[in-house]
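*Asks:* My questions will all concern the structure given below.
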Amino acid sequence: MSSCKFASESKLPTKFGEFTISTFEEPCGKDHIALTIGDIKNQDTVMCRVHSECLTGDALHSLRCDCGPQLHEAMEKLAKNKSGILLYLRQEGRGIGLVNKIRAYALQDQGHDTVEANEMLGFAADLREYNICLDILEHFKITSVNLLTNNPKKVSALEEVGIRVTKRTSLHEGENKVNQEYLNTKRDKMGHLR
């Protein structure tokens with residue numbers, strides 16, 4: 001299990017408020033981001049979003065998923081709360097990478113759901129790892145989180161690596177007529193709440 005190390009930090013003004021952006025590097029060369037806002041050092045439980053990179057949803061505003069709207073809703077919630085942290089993990093396509101994610105999209109265009117598409121490409125439905133979250137949260141001395149997620153398995157995964165999740169807060173943003181089957185698959189096959 002490789003360790004994620006702090007690399008750099010700067011202010012990041014956004015439409016939601018001014019965050020601090022911190023970067024973290026793994027020995028393999030993969031980098032991750034933490035966005036923090038307000039005082040997160042003196043809280044028993046810190047509001048936290050763990051968000052996996054989704055270039056198509058986050059940057060290109062794809063309607064195939066709810067990733068971009070959930071990212072923005074999380075940033076807005078953190079800003080309204082006046083404190084919190086968002087971990088942006090470089091785990092595109094639930095860990096299969098951008099090229100394979102687009103291959104999975106092509107299979108979905110043929111009628112397969114997101115889980116079936118990943119499996120047809122030889123992957124598990126979800127390959128993301130969360131041990132790096134512990135390294136990043138320990139850097140900020142965060143021991144307990146209120147996790148912004150609709151995914152109960154993410155709560156379990158974080159607890160398995162040693163992160164105490166004392167509360168889960170749902171994110172309800174990003175549903176549209178294009179992504180209904182995708183959201184139904186996340187609910188029915190992956191246990192997501194809506």
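The values are calculated or read from the model by the stated rules, or taken from the named source; none is laboratory data. Bear in mind that the values here come from a model prediction, so they are computed numbers and not experimental data. Methodologically, a virtual Cβ is constructed for each residue, glycine included, from the backbone with ideal geometry; neighbour enumeration extends over all protein chains shown.
*Asks:* Of the numbered conditions (1) assigned by TED's automatic domain parsing to the domain that holds residue 138; (2) buried (at least 16 other Cβ atoms within 10 Å of the Cβ); (3) not aliphatic (A, V, I, L, M), residue 108 fails exactly one; give the number of that condition.
*Replies:* For residue 108, the exception is condition (1).
*Asks:* Filtering the range 38-78 down to residues that are under 29 Å from residue 113 (Cα atoms) and among the β-branched types (Val, Ile, Thr), which residue is nearest to the chain's Cα centre (by Cα)?
*Replies:* For the range 38-78, the residue satisfying everything is 50.
*Asks:* Does residue 194 satisfy the criteria of being part of a loop (DSSP other than H, G, I, E, B), out of contact with any Phe, Trp or Tyr (no Cβ under 6 Å at 6 or more places or on another chain) and either modelled with pLDDT of 70 or more or loosely packed, with under 14 Cβ neighbours inside 10 Å (or both)?
*Replies:* Against the criterion (part of a loop (DSSP other than H, G, I, E, B), out of contact with any Phe, Trp or Tyr (no Cβ under 6 Å at 6 or more places or on another chain) and either modelled with pLDDT of 70 or more or loosely packed, with under 14 Cβ neighbours inside 10 Å (or both)), residue 194 qualifies.
*Asks:* Please determine, by comparing only the residues of the range 74-88 that are of a type outside the set (A, V, I, L, M), touching a residue at least 40 places away in the same chain (Cβ under 8 Å) and not in a loop (DSSP other than H, G, I, E, B), which one is nearest to residue 34 (Cα to Cα).
*Replies:* 88
*Asks:* On the given criteria, is residue 71 in a helix (DSSP H, G or I), assigned by TED's automatic domain parsing to the domain that holds residue 140 and surrounded by 21 or more Cβ atoms within 10 Å (Cβ to Cβ)?
*Replies:* So residue 71 passes the test.
*Asks:* Take the range 153-168 and flag every residue that is outside any strand (DSSP E or B) and either among the acidic types (Asp, Glu) or surrounded by fewer than 15 Cβ atoms within 10 Å (Cβ to Cβ) (or both).
*Replies:* 153, 156, 159, 160, 162
*Asks:* Let me ask something additional. Mind telling me which of the residues 14, 45, 36 ends up being of a type in the set (Val, Ile, Thr) and exposed (fewer than 15 other Cβ atoms within 10 Å of the Cβ)?
*Replies:* None of the others qualify; the one that does is 14.
*Asks:* Can you tell me which residue within the range 4-46, out of those that are touching a helix residue (DSSP H, G or I) at 6+ places or on another chain (Cβ under 6 Å) and outside any strand (DSSP E or B), is farthest from residue 164 (Cα to Cα)?
*Replies:* Looking at the filtered set, the residue picked out is 16.
*Asks:* What single numbered condition from (1) surrounded by fewer than 18 Cβ atoms within 10 Å (Cβ to Cβ); (2) of a type outside the set (S, T, N, Q); (3) in the same structural domain as residue 147 (by TED's automatic domain parsing); (4) over 21 Å from residue 160 (Cβ atoms) fails to hold for residue 102?
*Replies:* Condition (3) is where residue 102 drops out.
*Asks:* Scan 65, 4, 28 and give me the residue that is more than 26 Å from residue 168 (Cα to Cα) and at pLDDT below 90.
*Replies:* 28
*Asks:* Taking residue 116 as meeting all but one of (1) in the same structural domain as residue 32 (by TED's automatic domain parsing); (2) surrounded by 15 or more Cβ atoms within 10 Å (Cβ to Cβ); (3) among the acidic types (Asp, Glu); (4) more than 15 Å from the chain's Cα centre (by Cα), write down the number of the exception.
*Replies:* That leaves (1) as the condition not met.
*Asks:* Now for a different question. Does the range 123-137 include one or more residues that are under 21 Å from residue 53 (Cβ atoms), in a loop (DSSP other than H, G, I, E, B) and small (Gly, Ala, Ser)?
*Replies:* yes
*Asks:* Among the residues in the range 98-118, are any outside any helix (DSSP H, G or I) and closer than 17 Å to residue 150 by Cα?
*Replies:* There is no residue in the range 98-118 that is outside any helix (DSSP H, G or I) and closer than 17 Å to residue 150 by Cα.
*Asks:* Also, I was wondering about something else. Considering each of 59, 74 in turn, give the residue that is of a type in the set (Gly, Ala, Ser) and within 28 Å of residue 123 (Cα to Cα).
*Replies:* Matching residue, one of 59, 74: 59.
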